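These notes concern the structure reproduced below.
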Amino acid sequence: MKPANRTFIISGGASGLALAVARDLHSAGAYVSLLDLNADSGSAIVSELGNSRAKFFETDVSNTESIQAAIQGTVKWVKETGKEIGGVIAGAGVGLPGLIIDKKNEPLSIESIDFVLNINLRGTLDLIRQALPYMTTVKPEGPDGERGVIIMVASSAAFDGQMGQVSYAASKGAVASLTLPLARDLSKYGIRAVTVAPALFDSNMTKMMSKKVKQSLENAMEFPKRAGQPEEFARTVRDSIENSMLNGTVLRLDGAMRMPARL
Ligand SMILES: NC(=O)c1ccc[n+]([C@@H]2O[C@H](COP(=O)([O-])OP(=O)(O)OC[C@H]3O[C@@H](n4cnc5c(N)ncnc54)[C@H](O)[C@@H]3O)[C@@H](O)[C@H]2O)c1
């Protein structure tokens with residue numbers, strides 16, 4: 001599918017990897033509906049891109065009503081522009097490290113587990129679930145009768161999570177493993193599902209890492225020995241949208257890095 005003149009719903013689009021996707025799709029002529037908790041960054045990005053093809057909805061993806069309001073706002077915008085929904089990029093995500101049992105023999109709090117799962121897993125599925133009724137009714141396009149594409153974001157932690165990453169790895173492993181059944185459920189509608197699993201990429205999330213932690217992750221990369229750039233992530237998302245043979249799969253984007261147990 002060509003992104004031009006289609007509307008893409010992008011959660012987490014106010015920062016990092018999903019922001020790079022928003023900029024890239026917008027540069028390709030797409031309309032971008034950005035859903036994020038961070039209203040200041042969201043408004044700044046709409047100012048940067050211009051409000052004719054970009055809209056921001058302050059959204060908490062762990063809250064069903066909040067997603068519903070953003071989807072309804074997007075659908076209203078789509079009715080005004082006539083640019084049908086082409087896809088969802090579920091980029092919102094958080095990490096909250098914690099050992100399952102700590103040095104004081106305290107188990108990981110259920111609140112911290114819920115926080116990560118509610119945003120990374122439940123928030124991803126809820127966003128997709130609520131967008132789908134509007135995607136299945138889009139006029140099919142091209143010789144394959146394609147209607148849309150769902151892009152999800154896992155992580156290297158889905159496969160080789162490190163110490164302290166049980167919640168994060170559980171959320172990202174679940175996103176990776178739901179990719180195929182999602183593609184199977186949606187095949188009759190001409191909607192594809194692809195998950196990208198990045199290793200270390202420069203973003204606000206990784207800016208919070210200490211120099212030592214970042215360096216040790218870069219050392220674990222085979223080649224190139226550096227953090228990925230958001231634009232490199234966006235390129236893979238663009239290809240996943242444009243290349244109809246990519247479906248039901250998880251693309252590792254990791255410089256052959258396999259994370260060690262500990263840093
Ligand atoms: N950067 C990396 O190295 C890396 C590696 C693997 C996976 N990922 C994944 O990529 C995705 C994007 O991460 P990033 O690195 O760009 O991080 P980031 O912190 O730069 O961006 C994440 C965005 O999600 C938003 N967000 C957080 N909670 C939200 C909520 N409840 N509702 C709506 N929006 C919310 C934040 O406000 C932020 O704008 C995440 O799912 C992350 O787990 C990142």
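Bear in mind that the values in this text are calculations on the coordinates, not laboratory data. Everything quoted here is computed from the prediction, not taken from an experiment. Positions of Cβ are backbone-derived with ideal geometry, glycine not excepted, and every protein chain shown enters the neighbour counts.
A few comments on the model shown:
- The trypsin sites (Lys or Arg not before Pro) of the stretch 102-202 that DSSP puts in a loop, and whose beta carbon has at most 16 other beta carbons within 10 Å, are LYS103, LYS104.
- Acute angle (nearest 10 degrees) that the helix 16-27 long axis makes with the longest principal axis of the chain, alpha-carbon atoms: 20
- Largest GNM mean-square fluctuation among MET152, MET135, MET163, using the chain with Cα springs under 10 Å: MET163.
- Whether the chain is rounded, prolate or oblate, judged on the alpha carbon gyration tensor where a/c under 1.5 counts as rounded: prolate
- Inter-probe distance in nm under a simple model that places probes 7 Å from Cα toward Cβ, at MET209 and ASN243: 2.5
- When the Gaussian network model of the chain links Cα atoms closer than 10 Å, the mean-square fluctuations of GLY42, GLY50, GLY93 top out at GLY50.
- Three-way shape label, the stretch 1-80, alpha-carbon gyration tensor, a/c 1.5: oblate
- Note on the chain: helix-only mean residue ellipticity at 222 nm, from DSSP H runs of 4+ residues weighted -39500 (n - 2.57) and normalised by residue number, equals -13000 deg cm²/dmol.
- Projected label points at ASP185 and LEU125, each 7 Å from Cα along the beta carbon direction, are separated by 0.8 nanometres.
- The calculated FRET efficiency for the pair ARG226 and LEU99, based on their C-beta separation and a Förster distance of 25 Å, comes to about 0.30.
- For a paramagnetic label modelled on THR81 (point 7 Å from Cα along Cα→Cβ), amide N atoms under 11 Å away belong, within the stretch 36-62, to 50-56.
- Under the simplified labelling scheme, the GLU111-SER27 pair shows an inter-label distance of 4.2 nm, with each label point 7 Å from Cα along Cα→Cβ.
- Unit charges on C-beta of K, R, D, E only; dipole of the chain, Debye: 340
- Entries of LYS103/LYS172; LYS55/LYS214; LYS104/LYS212; LYS188/LYS214 with Cα pairs more than 32 Å apart: LYS55/LYS214; LYS188/LYS214
- Reported to the nearest whole Å, the Cα centre-to-centre distance from the stretch 79-110 to the stretch 186-263 is 16.
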